[in-house]
Every structure is written in C-alpha cells, then in structure tokens.
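Input: a single structure, listed below in structure tokens.
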Amino acid sequence: AQSVTQLDSQVPVFEEAPVELRCNYSSSVSVYLFWYVQYPNQGLQLLLKYLSGSTLVKGINGFEAEFNKSQTSFHLRKPSVHISDTAEYFCAVSPLNQAGTALIFGKGTTLSVSS
Amino acid sequence: EAGVTQSPTHLIKTRGQQATLRCSPISGHTSVYWYQQALGLGLQFLLWYDEGEERNRGNFPPRFSGRQFPNYSSELNVNALELEDSALYLCASTPTVSSYEQYFGPGTRLTVT
C-alpha cells in the first residue's frame, strides 16, 4: 500500500519569495509521482510529474520538483512566487506497472501569497 | 481540445434522496475515475471505469455506484444520501487503461441538507 504525507498544511509567503512545499511518500513498490494544483472553486491541474529519468522535474508556471528516492521525497519548489500562485497543492503517487490504479493523494498544502 | 466536463456544477439534495452526477472525458479518453474531496478528508478514490466496465472501487459503501456509457461518458449515483456525502466530486480521465496521467474536471459540489 502507498501513502503520501504533505508536511505542511499551510504555507504563507510574501510575493517574490522562494517557496518549498514538502511531500514524503511511503510505498513497498516503486511509484510515479505527481504534483497537482487546485485554484479556488476549480478542479485539479497537473503541475508536473516524475515517471523516470532526471530526478529534477520542471513543470508549468515556473515550478520544479526533485525526486529523492533514498529519502522518499518529492518536494515542490518555486524561486519566486506570485499572488496568482495562491492555491491548494496536492502531491500524489501511483504505483509503477499497475495501470488503472487510482492516484493516492496527500491531504494538500494551502499556499497563501501576500504582497 | 475540450477538457473534462462535469455537470451539474452544484447540486443540493436532502438526506435520503438520490444524486446523479455526470462526467464527459476528454475526447478519445476511455478511462474515467471518480474521486470524493470532502472537507478534512482530502481526495479519496471512489470508482474507476474503462471500456464500459467497472474496474475498481475504493472503500465506499455500495450506495455509491455508477456506469460508463458507450461514448465513454460516465455517471455517478449516490443513493440514500447522508449529510457526510457533502463534498466536491471530481472526475478524471486518461487516454488509455495503461496511462498514469489523469486529467481532472472542475467537479460537482454536492450539498446534502
């Protein structure tokens, strides 16, 4: 079985500051990793994914994440945030080679960017 | 390319009633997933349909059911509604059964009073 822990439920930052949203996972098998963003009153939008290859993954809107297998982490970073980045962010995993398995999500991190 | 669409946007029902939620996947996508996003519980997997068949379900009672139509659209039915069924219900689709990347719709907000 898999589980995902997002270490911070809320992260307040000022505009143009860097931010890191932390995600750790637990799994007995290898997994694919995802970050999704949910803006108020909207569905989920895929930010980035790690399937294989380079452990540093770049996504949309200037976000990137680094997969660390030894620490079972997949932290999301952005060097300079904007007010428009205010949203809820979800880390999710899916076990390798088990297509059709539902995504397992963390509880989410609310990023609040203020001026 | 049109994304995943869901209807209605909002649905208000009384305890004990039935609710029907609808989802249209991205054109060409054959798999549809349903998730429940309840306050404080995060996103939980409900059901997975592919090629018209229910392939997997999450840890939800049988009063949560659904189907997938020949055009791959899907319907989620919730019978005997309870107050704790109030949540945002999200639908996601993938191009094939072997795809891992899920594309989500905007959701249906179900309120049970």
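How shielded is B:95-107 by partner chains, expressed as the average number of their Cβ atoms within 10 Å of its Cβ atoms?
5
What does the structure give for B:17-28 when I average, per residue, the other chain Cβ atoms found within 10 Å of the residue Cβ?
Rounded to a whole number, the mean comes out at 0.
Could you give the size of the charge dipole of segment A:1-104 about its Cα centre, using +1 on the Cβ of each K and R and -1 on the Cβ of each D and E, expressed in debye and rounded to the nearest 20?
For this selection, approximately 360 debye.
Where in segment B:67-91 is the amide nitrogen less than 13 Å from a point lying 7 Å along the Cα-to-Cβ axis of B:Leu11?
Counting only backbone N, you get B:67, B:74-82, B:85-91.
For q values of 0.23 Å⁻¹, compute log₁₀ I(q)/I(0) with the Debye formula on a Cα-only model of chain A, without solvent.
-1.36
Give me the distance in nm between label points sitting 7 Å out from Cα along the Cα-to-Cβ direction at B:Ala80 and A:His82, one decimal.
5.0
What's the whole-number percent of alpha carbon pairs in segment A:31-84 lying beyond 12 angstrom?
Every Cα pair in segment A:31-84 considered, those over 12 Å come to 65 percent.
With the radius of gyration and the Kirkwood radius both derived from the Cα set of the protein assembly as shown, what is their ratio Rg to Rh?
My calculation puts Rg/Rh at 0.97.
If you average the C-alpha positions of segment A:49-108 and of segment B:1-70 separately, how far apart do those two centres end up, in angstrom?
24
Take every Cα-Cα pair in segment B:1-60 and report what % of them are more than 15 Å apart.
63
In chain A, if the dipole is taken from +1 on Lys/Arg beta carbons and -1 on Asp/Glu beta carbons about the Cα centre, which of A:Thr55, A:Ala87, A:Ala1 is farthest to the positive end?
The residue sitting most towards the positive pole is A:Ala1.
With only Lys, Arg, Asp and Glu charged, each at its Cβ (+1 for the first two, -1 for the last two), find how big the charge dipole of chain B is about the Cα centre; round to the nearest 20 debye.
Magnitude of the dipole: close to 340 debye.
Is the C-alpha gyration tensor of chain B telling us rounded, prolate or oblate? Criteria: a/c under 1.5 is rounded; beyond that, a/b larger than b/c is prolate, otherwise oblate.
Note, shape of chain B comes out prolate.
Which part of segment A:69-85 falls in the paramagnetic zone of A:Ser54, meaning amide N under 18 Å from the point 7 Å along Cα-to-beta-carbon?
Backbone N within reach: A:69, A:74-79.
What does the average come to when, for each residue of peptide A:102-112, you count the partner chain Cβ atoms lying within 10 Å of its Cβ? Mind dumping the intermediate values first?
On the way: counts 14, 9, 4, 6, 2, 4, 3, 0, 0, 0, 0.
Across A:102-112, the average partner-chain Cβ count within 10 Å equals 4.
Averaging sequence separations of C-alpha pairs under 8 Å and six or more residues apart, then dividing by the length of chain B, give the relative contact order as a whole percent.
36
Could you tell me which of B:Tyr49, B:His29, B:Ala19 has its Cα farthest along the dipole of segment B:1-60 towards the positive end, charges placed at Cβ (Lys, Arg +1; Asp, Glu -1), taken about the Cα centre?
B:Ala19
Values in this text are rule-based calculations from the coordinates and carry no lab data. As the structure is a computational prediction, the values presented were derived from the model and not from experiment. A quick note on method: Cβ atoms are made from the backbone with ideal geometry, for glycine too, and the neighbour counts reach across all protein chains shown.
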